[in-house]
Amino acid sequence: MAFPRCTSWQSVLYKHKHMVNVIPYSNHFSSPLGSQSRHYCAIRNSNDMAQSTRQEALEDLSTLWCTQIIQDPQWKALSSRQNSSNQLFSDTLWTQKTIRAHQSYYRKPPAGRTIGGELRVLLSLGSGLDGYPGMCHGGLLTLLFDDAIHELAAQEIPDVSITVTLNTTFRQPVRTPSVVLCRVWMEKEPQGRKAWVQASIEDGNGGVYASADSFILKMKGKL
């Protein structure tokens, strides 16, 4: 069995399906150049290891408008990003300087309709997302839109969907650090495999930082 090279004596996370331990050891051998030593690390599955110790910075979501959404029974809390297969949000962008907190809530459509619900995502954005000092990079806002749009689609469209177009209009900069609200909804019924979604990123008090509209397409089969 071939083992990957190990450059340090530390445990790492191998993000495939399981967390793993990295076990360094030395393999001594002789060659024409003399006795040499190679350091390898054996990777083993470790299902019994503790899950990620990352915690949402929920203290950031203590403003009045956040609390009103969190405590309103018509808004159903969705599963945590800790259980998400989206590595970008559950791993790369989950730090104290990037997306510090991420909480999603869904309100069902009116009775008799399959769409017309709304998704609201409460986000605490840190300075590690800056494109310019003190201002969140606009590309990150587009990324937030895309992720939230498919979170809504998962609630209202039974099939897996992909983004075909995503048009973003930037209205004012998002200062960092700050807490923002991402709202997503569909105004009209899907037609066949096609669906259209609207979204906005706001300050929670009516001010709009950016808006978006997206055309998504339901997949014929699984990804």
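Inclusion of Ser62 among residues that are loosely packed, with under 13 Cβ neighbours inside 10 Å, free of Cβ contacts under 8 Å to residues at least 24 places away in the same chain and among the hydroxyl-bearing types (Ser, Thr, Tyr) is warranted. Arg107 fulfils the conditions (1) touching a residue at least 60 places away in the same chain (Cβ under 8 Å); (2) of a type in the set (Lys, Arg); (3) under 25 Å from Leu58 (Cα atoms) except for a single criterion, (1). For the stretch 164-187, the condition holds for no residue, the condition being that it is farther than 19 Å from Val121 by Cβ, modelled with pLDDT under 95 and either in contact with a helix residue (DSSP H, G or I) (Cβ under 8 Å, 6 or more places away or on another chain) or in the same structural domain as Ser79 (by TED's automatic domain parsing) (or both).
Here Arg193, Arg113 are screened, and the one residue that is closer than 26 Å to Asp72 by Cβ and either modelled with pLDDT under 95 or β-branched (Val, Ile, Thr) (or both) is Arg113.
Looking at Ala195, is it farther than 23 Å from Leu122 by Cα, assigned by TED's automatic domain parsing to the domain that holds Tyr132 and not polar (S, T, N, Q)? Taking the combined requirement at face value, the residue satisfies it.
Checked against the criterion of being surrounded by 23 or more Cβ atoms within 10 Å (Cβ to Cβ) and part of a strand (DSSP E or B), the candidates Leu181, Leu144, Leu166, Leu122 yield just one match: Leu122. Just one residue in the set Gln103, Gln74 is in a loop (DSSP other than H, G, I, E, B), modelled with pLDDT of 95 or more and either touching a Lys or Arg at 6+ places or on another chain (Cβ under 8 Å) or closer than 19 Å to Arg183 by Cα (or both); that residue is Gln74. Phe89 meets all of the listed conditions (1) modelled with pLDDT under 95; (2) buried (at least 16 other Cβ atoms within 10 Å of the Cβ); (3) over 30 Å from Ala195 (Cα atoms) but one, namely (3). Scanning the stretch 169-178 for residues that are basic (Lys, Arg) and outside any strand (DSSP E or B) yields a total of 1.
The values are calculated or read from the model by the stated rules, or taken from the named source; none is laboratory data. Because the structure is predicted, anything quoted here is derived from the model rather than measured. Quick reminder, even Gly has a Cβ in these numbers, built from the backbone with ideal geometry, and neighbours come from all protein chains shown.
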